[in-house]
Amino acid sequence: MLPNNRELRMGQASLDKFVAGTCTAEMEFAAGRGAQYQSMGYALLTPIVEAAAGQSLRDFLRERIFEPLEMHSTELGLSDQQWKAHPAAEVRVPEDHRIGTDWNWNSHYWQTLGAAWGGLISTVDDLSRFCRCMLLDGLGPHSRIFSAASVRMATTNRLPDFALVPEPDRRTRGWGYGWRMNWLDHRSCFSDFLPASAYGHWGATGTVFWLDRERELAGVLLSTQAIERNASHLTSLTNAIVSALD
């Protein structure tokens, strides 16, 4: 996150201000020499997609992905009307966020902002439809949503493509283009019983979903207990689920 992330949120900053801050932030390392998840990488994708598509990211996702996949309860940020009628489930915010009732995860500001790095509102059923599409190499119920080549690049470890990334990271901390692989040597693996080739994503508010192409299996877990840094209470639950299915 940006160094002034908290201040921006407390001031209910627009997405443009997060993007502007990202463009001036100091890089952690030179391009091609490391791999590290950065929420602001997704912030930068927003103006790129909007310039290419000629519409907002929210509308682009709804028209190109959510509606074709029949994900009718999914939005990148709720409208005011949606928020008043059906606000998202209340998350147990960390102690240092409890004073931020007008800017934390449960606030109108955050749930309507539509941040590409943490503003998606969805359900287990809808995310399961998305997982099915990914396991089918991009095929939706009525049409192709993603090319098979795009799915392959997004869901396989691409770090070997970058020779200057440290070898242990290339081998054990893999990333696709957007998706994280299952890091079996790390305490926040998706499951100890899934292969290293499984892929998925965490959500700081207490969510995770993962996909295992070998078993043609996906798991979606949505809780309201925030995930602690470098650990997740959901890993143990995933272990029990995968064990029961084997």
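Coordinate-derived values only; no laboratory data. Since the model is a prediction, treat every value here as computed from it, not as a measurement. Positions of Cβ are generated from backbone atoms using ideal geometry, with glycine treated the same way; all protein chains shown enter the neighbour counts.
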Taking the Cα atoms of the range 123-246, what is the range of coordinates along each of the three principal axes, in descending order and whole Å?
42, 36, 28
Net charge near Val242, counting Lys/Arg +1 and Asp/Glu -1 over other residues with Cβ under 10 Å of its Cβ?
-2
What percent does the relative contact order of the range 123-246 come to when contacts are Cα pairs within less than 8 Å and at least six residues apart?
19 percent
Highest mean first, how do 42-49, 112-119, 207-214 rank when packing is the count of other Cβ atoms within 10 Å averaged over residues?
207-214, 112-119, 42-49
Which whole-number percent is the relative contact order of the range 1-76 (Cα, under 8 Å, 6+ apart)?
24 percent
For labels at Phe162 and Ala196 in the simple 7 Å Cα→Cβ model, what's the distance in nm?
1.8 nm
Length gained, Ala20-His86, 0.36 nm per residue minus C-alpha separation, equals 20.6 nm
Ignoring everything except DSSP H segments at least 4 long, calculate the 222 nm mean residue ellipticity for the chain; use -39,500 (n - 2.57) per segment, divide by total residues, nearest 500.
-9500 deg cm²/dmol
When the C-alpha atoms of the chain are aligned to their principal axes, what extent does each axis show, in angstrom, from largest down?
44, 42, 40
Over the chain, calculate the relative contact order: mean separation of alpha carbon pairs under 8 Å at least 6 apart, over the residue count, as a percent.
16 percent
Quick one: among Leu76, Leu164, Leu135, which has the greatest mean-square fluctuation in a GNM of the chain with alpha-carbon springs under 10 angstrom?
Leu164
Counting Lys and Arg as +1 and Asp and Glu as -1, what is the net charge of the other residues whose Cβ lies under 13 Å from the Cβ of Pro160?
+1
